[in-house]
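The block underneath contains the structure these notes are about, expressed in structure tokens.
The values are calculated or read from the model by the stated rules, or taken from the named source; none is laboratory data. What you see is a predicted model, and the numbers here were worked out from it, not measured in a lab. Virtual Cβ from ideal backbone geometry, glycine too; neighbours counted across all protein chains shown.
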Amino acid sequence: MAHRGGLARFHELSADGRAWAPAFRFDGLFAPETPPAAPPLTESAAVVAAAGPPKPEPRFYYPRGGATIGPIDAATLRIQVERGSVHATDPIWLEGAKASVMASELPALAGLFPNHAAARGAGSPLMLWSLVAVVVLIALGAVVLFFKWK
């Protein structure tokens, strides 16, 4: 009956009619259980498996009051910027880097120093045209004063 599917592992059997036990306890009635096969990898799981272990998150250091603060992760560094503990001109060292960079130039802190970027943007077209306009106005003022006094 077990081979035809009429007997399941949960059914109770007795060899003597008095003591009953689940059918799975009787050797040879059922084929050995095989563990279920692992489900096939989805496309995204296959990409993750092929990519290997995750890369360690970058760690940063910065000076404060004669001491070096760190190592800290990017999220903690962003919090320090938002609290005002790290400023745009503070040097930040990325672990393993040969030199520090200003906090405002660090990609991990992009967008946290908009005023500093505008003030440093001497190469921006607006800043350049503003400088040209000031020079032209000063020159015109000098010409007017020169002919007025003559």
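Could you please find all residues in region 105-115 being over 16 Å from the mean Cα position of the chain (by Cα) and within 17 Å of ARG59 (Cα to Cα)?
Narrowing region 105-115 to residues over 16 Å from the mean Cα position of the chain (by Cα): 105, 112-115.
Correct list: GLU105 only.
Need a quick list: helices (runs of 4 or more DSSP H) entirely within region 54-150 having at least 2 residues that are at pLDDT 80 or above and either surrounded by 16 or more Cβ atoms within 10 Å (Cβ to Cβ) or in contact with a His (Cβ under 9 Å, 6 or more places away or on another chain) (or both). Before you say what the answer is, go through the steps one by one.
On the way: elements: 74-83, 114-120, 125-149.
Helices (runs of 4 or more DSSP H) meeting the threshold: 74-83.
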